[in-house]
Amino acid sequence: MKKIFILSLLLFSFNGWADYCRTSNVKATVCKGFVIESCSAVEVDAVEKDDKLYDVGQCFDDVSEYSKSSRTCTIINGDGIFPFSLLNKLPDFYSKNEKGKYNIIDNVEYITFSCKKT
């Protein structure tokens with residue numbers, strides 16, 4: 001259920017009803033490693049739904065975290081005891097390479113973007 005909720009936030013958000021509107025590109029934080037973890041930010045160009053790619057969306061009804069001081073919104077990949085269970089997983093995100101081809105972004109921990117609270 002939460003997966004559907006997050007996906008609907010990302011794909012079908014409307015400016016008039018949303019509380020958080022992004023003012024920058026979306027960055028996915030990707031982490032690799034087990035004991036020693038290395039993380040980097042990757043720009044998100046699209047999100048997948050029903051085997052089709054869509055724009056990430058401009059405004060969202062809810063986010064996991066909002067920092068008023070830095071005006072940053074974060075949507076975390078899962079929560080609770082089993083943070084990466086299939087029920088709480090974010091949808092698949094894609095970045096576009098210099099040739100215009102979309103590549104899936106693996107191991108997304110969370111996404112962040114500058115935003116304003118409306």
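Checking the Cα-Cα distances for LYS32/LYS52; LYS32/LYS117; LYS52/LYS96 against a 25 Å cut-off, the pairs over it are LYS32/LYS52; LYS32/LYS117.
Here the label points at THR118 and LYS32, each 7 Å from Cα along the C-beta direction, are separated by 3.8 nm in the simple model. Sequence-ordered 3J(HN,Hα) estimates for region 47-54 from the Karplus curve with 6.51, -1.76 and 1.60 and θ = phi - 60° stand at 10, 9, 8, 6, 6, 10, 9, 10 Hz, glycine and proline given as x.
Proximity of backbone amide H atoms, modeled 1.01 Å from N, is registered between VAL56 and VAL47 at under 5 Å, excluding neighbours fewer than 5 places apart on the same chain. Proximity of backbone amide H atoms, modeled 1.01 Å from N, is registered between LEU90 and GLY78 at under 5 Å, excluding neighbours fewer than 5 places apart on the same chain.
Every number in this text was worked out from the coordinates using simple rules, so none of it is lab data. These figures come from a predicted structure and were not determined experimentally. So basically every Cβ, Gly included, is an ideal-geometry build from the backbone, and we count neighbours across all protein chains shown.
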